[in-house]
1. Within the stretch B:59-69, can one find any residue that is at pLDDT below 90, surrounded by fewer than 15 Cβ atoms within 10 Å (Cβ to Cβ) and either under 24 Å from residue A:138 (Cβ atoms) or out of contact with any Cys (no Cβ under 9 Å at 6 or more places or on another chain) (or both)?
2. Any idea which residue in the stretch B:115-159 is surrounded by the fewest Cβ atoms within 10 Å (Cβ to Cβ), counting only those that are more than 14 Å from every other protein chain (Cβ to nearest Cβ) and within 15 Å of the chain's Cα centre (by Cα)?
3. If we scan the stretch B:6-24, do we find a residue that is buried (at least 19 other Cβ atoms within 10 Å of the Cβ), within 11 Å of chain A (Cβ to nearest Cβ), closer than 27 Å to residue A:178 by Cα and at pLDDT below 90?
4. Only residues that are of a type in the set (Phe, Trp, Tyr), within 10 Å of chain B (Cβ to nearest Cβ) and outside any loop (DSSP other than H, G, I, E, B): list them for the stretch A:116-152, please.
5. I'm trying to understand the selection: among the residues of the stretch A:191-206, which are modelled with pLDDT under 70 and either under 25 Å from the mean Cα position of the chain (by Cα) or hydrophobic (A, V, I, L, M, F, W, C) (or both)?
6. Between a residue in the stretch B:57-82 that is acidic (Asp, Glu) and any residue that is outside any strand (DSSP E or B), which pairs come within a Cβ distance under 9 Å, given they are 6 or more apart or on different chains?
7. Name the residues in the stretch B:67-80 that are under 22 Å from residue B:9 (Cβ atoms) and not in a loop (DSSP other than H, G, I, E, B), would you?
Amino acid sequence: MASLTLFCFSLYAVFTALACIYCAYDELKQSRVKWHELSLREKGASLFKGLCLVVFFALTWPIILVFALVQEFLPERFLRVFYRGKMFKTEPEDHQFVVLPEHLGGVLDVGAIEQASLVHDPLDSAPAVPFGHLHIRWLELRGQIKQGCHLREFSCSYRQAFDQPWGMPFSFAGHQYAGLAVVNAEGQIVSHWVTSVLPLPDNHFRSSQQVAL
Amino acid sequence: MTAQFSEIILIDGTEHSLCTEPLEYYFGLAGKRPNFDFNCTALYRGYVGTWQVLHDRLYLVGIRGEIFHQEDGTTSQVTLNSLFPGYPERVFAHWFTGELRIPQGKLLEYHHGGFNSEYERDWFMTVEQGVVLAQRIKVNGIAPSDAPDGVVVNAATYF
């Protein structure tokens, strides 16, 4: 960061100096006369141009200096917040993933889902509860199933880069989403949980020989 | 986007590069992602996870990275226990269904974005709910003898 600021400042100074030299050279080239041959008015005009450049530099260099000081002395955490804000922009509302009625599948039984999603690991590296490490997420969804509501499965594919809800714009483009949705008596989708993201087939890699292990 | 540093995977005691991010799937399904700190454009995700295939199962066995605390601007080391309380040694990746891509051999064609560079071979493992079901090797070509070996990131900006 410091070297970048120094580079910008140096570049600015060099350009200003070059501009001054060019102006003086251009003045003499156009007039084709020596300095003592110029009239008082021409001398004044030439000096005024030079003065304007000096004033311009005098007025603008503090901006560069302020920029350099900010980069140098602003706590690193402020810069990190700034750069994070630039890189992980919040997605617009209309890019958020939503479950639509046409994505819905059959009605599911809560008990059957809990039985089917029990996680078992011989090394005890996951809790032996429905959805394992994601159990809390399941409890949250199950808590949304009020009187008259029912649980349905859903599935849909998303190919656009900004359709995923968790803000990593390069991770989940082109995936098949599937999960569970809580639907109320009026058929409205009250809540949903994506339980599976599967990559859609892509043709990124060129066709080549494949060997089964 | 800049080429990204890969994850690490241990298979039969040997360390390989893993060009898949199974932990991002977990964050996606959990609906929230820790605020990982990052200071390099070649590691946007902010961490490097170490994975292990043991008895045909995929486990997360380590993670290196820092969590950024927005409220006071400080950072703290991320550990398996901070992400998966009660599981400090090993976490079964039951949430992951998909293919693991483990590049092998020398660099064939460099692409300065994500994990898009091509290597001589790709070792794919088909995983369903954390269990390795099948494996295959895809041969992409033969690189020149002076080509670099292993996963390559040619340039990155640190800030």
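1. yes
2. B:150
3. Yes, the stretch B:6-24 has at least one match.
4. none
5. A:202, A:204, A:205
6. From the stretch B:57-82, the pairs are B:66/B:37; B:66/B:38; B:66/B:46; B:66/B:78; B:72/A:77.
7. Once the filter is applied, which keeps residues that are under 22 Å from residue B:9 (Cβ atoms) and not in a loop (DSSP other than H, G, I, E, B), the stretch B:67-80 yields B:77, B:80.
Conditions tested, residue by residue: (1) outside any strand (DSSP E or B); (2) acidic (Asp, Glu); (3) in contact with a His (Cβ under 6 Å, 6 or more places away or on another chain).
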{"position": "B:102", "(1), (2), (3)": "no, no, yes"}
{"position": "B:112", "(1), (2), (3)": "yes, no, no"}
{"position": "B:120", "(1), (2), (3)": "no, yes, no"}
{"position": "B:125", "(1), (2), (3)": "no, no, no"}
{"position": "B:132", "(1), (2), (3)": "no, no, no"}
{"position": "B:154", "(1), (2), (3)": "yes, no, no"}
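The values are calculated or read from the model by the stated rules, or taken from the named source; none is laboratory data. The shown structure was predicted, so the numbers you read here are calculated from the model rather than taken from an experiment. Positions of Cβ are generated from backbone atoms using ideal geometry, with glycine treated the same way; all protein chains shown enter the neighbour counts.
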